[in-house]
1. Report yes if some residue within region 444-455 is touching a residue at least 12 places away in the same chain (Cβ under 8 Å), touching a strand residue (DSSP E or B) at 6+ places or on another chain (Cβ under 8 Å), within 15 Å of ligand 2 (Cβ to nearest atom) and farther than 24 Å from residue 9 by Cβ; otherwise report no.
2. Give me the pairs, please: first residue somewhere in region 521-532 and on the phi > 0 side of the Ramachandran plot, second residue anywhere and among the small types (Gly, Ala, Ser), beta-carbon distance under 7 Å, and either six or more positions apart or on two chains.
3. When residue 504 is evaluated against the numbered criteria (1) in a loop (DSSP other than H, G, I, E, B); (2) within 29 Å of the chain's Cα centre (by Cα); (3) buried (at least 22 other Cβ atoms within 10 Å of the Cβ), which criterion, by number, is the only one it fails?
4. Within the bounds of region 559-567, is there any residue that is on the phi < 0 side of the Ramachandran plot, within 16 Å of ligand 2 (Cβ to nearest atom) and either touching a residue at least 40 places away in the same chain (Cβ under 8 Å) or of a type outside the set (Gly, Ala, Ser) (or both)?
5. Taking residue 478 as the residue in question, decide whether it is within 24 Å of residue 202 (Cα to Cα) and within 16 Å of ligand 2 (Cβ to nearest atom).
6. Would it be correct to say that residue 424 is more than 13 Å from ligand 2 (Cβ to nearest atom), of a type outside the set (D, E, K, R) and farther than 18 Å from residue 500 by Cα?
7. Would you mind finding the one in 46, 72, 42, 50 that is open to solvent by 60 Å² or more (accessible area, probe 1.4 Å) and at pLDDT below 90?
8. If you check every pair at least six apart or on different chains, which have Cβ atoms under 7 Å apart with a residue in region 503-517 that is within 21 Å of residue 482 (Cα to Cα) and hydrophobic (A, V, I, L, M, F, W, C) first and a residue that is in a loop (DSSP other than H, G, I, E, B) and within 14 Å of ligand 1 (Cβ to nearest atom) second?
Amino acid sequence: MKRSTTLTGIGVSPGVAYATAVIVRLDFPDVPDRGIRSSEIESEVERLHEAVAEAVESLESLRARVLERAGEEESRIFDAQILMVQDRDFLAGVETLIRNNNLSAETAYEFKALEYRELFSGSAKAHLRERLIDITATQRRVLHRLTGWEENEWWSASLEDPVIIVARELPPGVTVQLDREHVVGLVTEEGTRTSHAAILAHSLGIPAVMGARGALDAIDDGMPILLDGHAGVVYVQPTRAELEDIRARNSRWHRLELELEVGVSEPAVTPDGKSVTLLANVDLPEEVEPAIRYGAEGVGLLRTEFLVTGRADLPTEDEQTTYYRRVADAFRDHTVTIRAFDLGGDKFPAAFSAPAEANPFLGWRSIRVCLDQPEIFRPQLRAILRTAADRKVQFMLPLVTGVEEVVLSREMMQEEADALRRAGIRAADDVPLGVMVETPAAVLVADHLAQVSDFFSVGTNDLTQYTLAVDRGNAMLSRRFITYHPAVLRQLKQIVEAGARYDVPVSVCGEMASDPILGVLLVGLGYFELSVAPPSIPLVKWVIRRVPYAVARAAAEAALMAMTAEEVAEIVRHHMDPHVDLELLDPTGALSGPQDSATLPRT
Ligand code: PEP
Ligand code: MG
């Protein structure tokens with residue numbers, strides 16, 4: 001009998017949720033080894049193909065449901081799965097095992113599936129992670145049918161009651177499919193604040209705690225759980241006192257939320273008159289509406305990977321043009337900054353055969369893929385040029401490490417602009433081209449980059465990862481992933497200075513800007529344009545309107561002299577304390593950067 005316990009993790013998406021747990025296990029069912037007689041071979045082969053046909057049918061109906069609920073783009077994730085489940089080579093392999101080894105359909109299928117998983121999870125582990133999870137999902141589907149196990153359509157079933165999903169990890173492809181009406185919270189054992197699933201949960205406004213180790217042992221299906229996505233705490237079978245405590249804090253939050261609502265129409269100006277522009281990070285089409293509702297003055301980062309990941313094919317130029325135009329139209333007079341496909345790491349389209357790499361995050365990714373694969377990059381450049389003919393968009397390059405990447409990208413853009421002109425297709429001659437400063441190399445040559453770029457946007461997620469050599473997705477290292485580390489702060493300062501020297505506008509689009517306290521620290525460092533997750537806009541603005549710029553600047557100056565991140569946290573809290581309710585905004589008392597679940601103090 002499991003008892004009332006408390007788990008600590010990382011609060012990656014704020015908000016409180018109280019609901020029953022639905023445990024999600026992406027495991028294979030138990031498949032008993034079963035041999036068959038030669039006379040049974042044909043019927044087993046037939047059973048295999050029937051199970052595959054049923055799996056295709058259920059995927060198609062899921063696709064239709066997601067299409068209705070979330071839209072065309074998101075439903076495409078199933079196209080890839082429908083192709084995977086019918087993979088001819090794979091099924092021929094299973095059939096051969098049935099025929100040559102007299103194995104039952106499920107035994108043969110599991111055998112082959114394990115072989116495939118081995119293949120994908122070997123040296124290419126992180127690289128093909130998302131794809132592997134898709135493959136596994138489809139294989140589980142067929143095995144469930146062959147073994148007669150009940151299939152758990154947890155993520156997209158039309159759930160009746162509000163639930164909190166508890167899982168070891170949630171790949172972004174799956175997060176997209178969640179029934180957002182009923183999934184009111186997420187708890188995972190893996191993942192960190194800057195893992196892509198966390199960013200998505202935050203963008204979608206689903207309270208989430210990640211890196212909650214031991215969650216699957218402590219929580220059973222159907223147990224009531226209380227989740228505090230701000231403090232990063234999960235109360236399993238909460239006590240009455242815990243419920244009351246969180247209710248009290250929640251009511252303070254609600255009061256604040258009412259103030260935030262009022263503040264949406266007010267400008268983001270500090271009490272001493274410094275204006276800050278708040279833009280939105282948009283990862284999925286459905287975030288456009290809340291971004292506008294919360295008063296975003298444009299899009300500082302339009303992630304485009306969702307057009308690619310989990311899908312069977314690459315998006316066409318026309319399809320991209322339609323999407324970019326749609327987003328630009330929604331923001332009318334404001335600028336939308338579109339980012340080049342940030343592929344690699346764990347993000348690749350299913351159809352793309354990426355090489356296996358020992359260190360994918362130090363490997364063939366982002367701008368490197370764009371420059372090496374013109375068939376991916378050029379249609380995107382054309383779509384952006386076409387959009388820019390009559391809309392305000394700009395383009396930025398991820399993971400830049402040197403001037404030549406920008407120069408080459410600009411040349412390719414120019415070639416595509418010329419080609420469009422020759423073909424008589426309406427398009428802009430040029431689009432402002434910016435650089436995401438998210439590698440220490442880019443910081444060190446920021447003065448050079450400034451001379452070939454139209455703007456800088458700082459990606460603090462990757463900049464922290466590469467500066468501190470800490471994998472942003474590794475929950476075990478989350479205590480060490482500190483965006484306000486002195487080594488990161490010094491670089492943030494250098495970037496502002498390089499921008500000012502060459503008159504290149506600078507902004508921040510990493511998650512650090514979405515944190516209200518750290519957002520103010522960024523203002524103090526000289527960043528007056530912040531691009532944040534849409535649900536964070538009101539709170540970031542509220543804090544900006546309360547902390548004088550002079551205070552933010554003093555905090556930043558002192559923080560730049562600090563020897564340790566802990567000192568930085570102390571300095572920032574000391575400066576902000578007279579102006580905002582820190583207990584509410586920073587309940588863990590350690591600034592809200594990712595922290596180690598083991599050392600997080602209880603609130
Ligand atoms: C970043 O690295 O800070 C960033 C904004 O990009 P992403 O999180 O998509 O890598
Ligand atoms: Mg990045």
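The values are calculated or read from the model by the stated rules, or taken from the named source; none is laboratory data. Here the structure is a predicted model, which is why all the values come from computation and not from measurement. Backbone-built Cβ (ideal geometry, glycine too); neighbour counts: all protein chains shown. For the accessible areas, the whole protein counts, side chains as well, though only heavy atoms, and no ligand, DNA or RNA atoms are used. Shrake-Rupley method; radii C 1.70, N 1.55, O 1.52, S 1.80 Å.
1. Checked against the condition, which is being touching a residue at least 12 places away in the same chain (Cβ under 8 Å), touching a strand residue (DSSP E or B) at 6+ places or on another chain (Cβ under 8 Å), within 15 Å of ligand 2 (Cβ to nearest atom) and farther than 24 Å from residue 9 by Cβ, region 444-455 yields no hits at all.
2. From region 521-532, no pairs qualify.
3. (3)
4. Taking region 559-567 and keeping what is on the phi < 0 side of the Ramachandran plot, we get 559-567.
Next, only the ones that are within 16 Å of ligand 2 (Cβ to nearest atom) stay: none.
For region 559-567, residues on the phi < 0 side of the Ramachandran plot, within 16 Å of ligand 2 (Cβ to nearest atom) and either touching a residue at least 40 places away in the same chain (Cβ under 8 Å) or of a type outside the set (Gly, Ala, Ser) (or both): absent.
5. no
6. Against the criterion (more than 13 Å from ligand 2 (Cβ to nearest atom), of a type outside the set (D, E, K, R) and farther than 18 Å from residue 500 by Cα), residue 424 qualifies.
7. 72
8. Cβ pairs passing all conditions: 508/527; 509/459; 512/483.
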